[in-house]
1. Short version: ³J(HN,Hα) in whole Hz for each residue of segment 52-62, in order, from phi by Karplus 6.51 cos²θ - 1.76 cosθ + 1.60 (θ = phi - 60°), x for Gly and Pro, what are they?
2. What Kirkwood hydrodynamic radius do you get for segment 131-170 when you take the inverse of the mean 1/r over all pairs of distinct Cα atoms, in Å?
3. Note down the accessible area of residue 56, probe 1.4 Å, to the nearest 10 Å².
4. Greater than 30 Å separation of Cα atoms is the criterion. Which listed pairs, 12/52; 58/85; 12/68; 12/58; 41/82; 85/115, meet it?
5. By how many degrees, 0 to 90 and rounded to 10, does the Cα axis of helix 161-193 deviate from the longest principal axis of the chain?
6. Have a look at segment 107-200 and give its Rg and Dmax from the Cα atoms, expressed in angstrom.
7. State, to one decimal in nm², a quarter of the convex hull surface area for the C-alpha atoms of segment 25-132, i.e. the direction-averaged projected area.
8. Figure the gain on full extension for residue 47 and residue 96 (residue separation times 0.36 nm, minus the Cα-Cα span) and round it to one decimal in nm.
Amino acid sequence: EAGGLVERQLAKASYSLLEYDTSVAQKVVDCDDEIDSLECKIDESAHLIIAKRQPTAKDLRLVLTIIKTIRDLERMGDESSKIAKMAIRLSEETESRIGFAEFRRISERVQSMVKSCLDAFARSDVAAAVEVAKEDSTVDMEYASAMRALITYMIEDQRSITRVLNLLWALRALERIGDHARNIAEQVIYLVNGTDVRHS
């Protein structure tokens, strides 16, 4: 439920920015509390399971993975809310499509990562989790490239500074969501294999 909600929030936030749709953006911002509430409920349930049932081996890894995964999902929700807030700010300025092609491309890649990491979690699919972790490097490179292009544009046209900064914050939020998707993928590998690959 939490994963599906985060997927929808990210898709709506990206749409609201690309289409200057402030009503959709505001709904994303308003929905952030729902994800926060789910995080608290899931955390409480997981801690009760540890206290009452004292799980071991793979059962314990599953509970620990869920605790870490819901934290990443909650942060994805926060980042989606940031994108929606930037969409509202951008809509208040002169309409321009500068940087939107880069945003769309990175957004589509990150949305695919989020879907894939949640599918990998649901299916305990290590191979799919590894692909998500690898994909994060591509997102990082595309983000760095987009950032360089937008900073160059901002230097050349100082009237665009505010607008470009808002778009850069939105791109940064996308890049962070990609990092959280990678974190979930790494947790799937830990869950299935018992191997901690976070810093390898």
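1. 8, 9, 6, x, 10, 6, 5, 5, 5, 4, 4
2. 11.0 Å
3. 100 Å²
4. 12/52; 58/85; 12/58
5. Once rounded, the angle reads 20 degrees.
6. 16.1, 53
7. 8.2 nm²
8. This chain segment gains 12.8 nm when fully extended.
The values are calculated or read from the model by the stated rules, or taken from the named source; none is laboratory data. Given the structure is predicted, the values throughout are model-derived calculations rather than measurements. Here the Cβ is made from the backbone with ideal geometry for all residues, glycine too, and neighbour counts use every protein chain on show. Just so you know, the surface numbers come from the protein's heavy atoms only, side chains and all, with ligands and any DNA or RNA stripped out. Shrake-Rupley method; radii C 1.70, N 1.55, O 1.52, S 1.80 Å.
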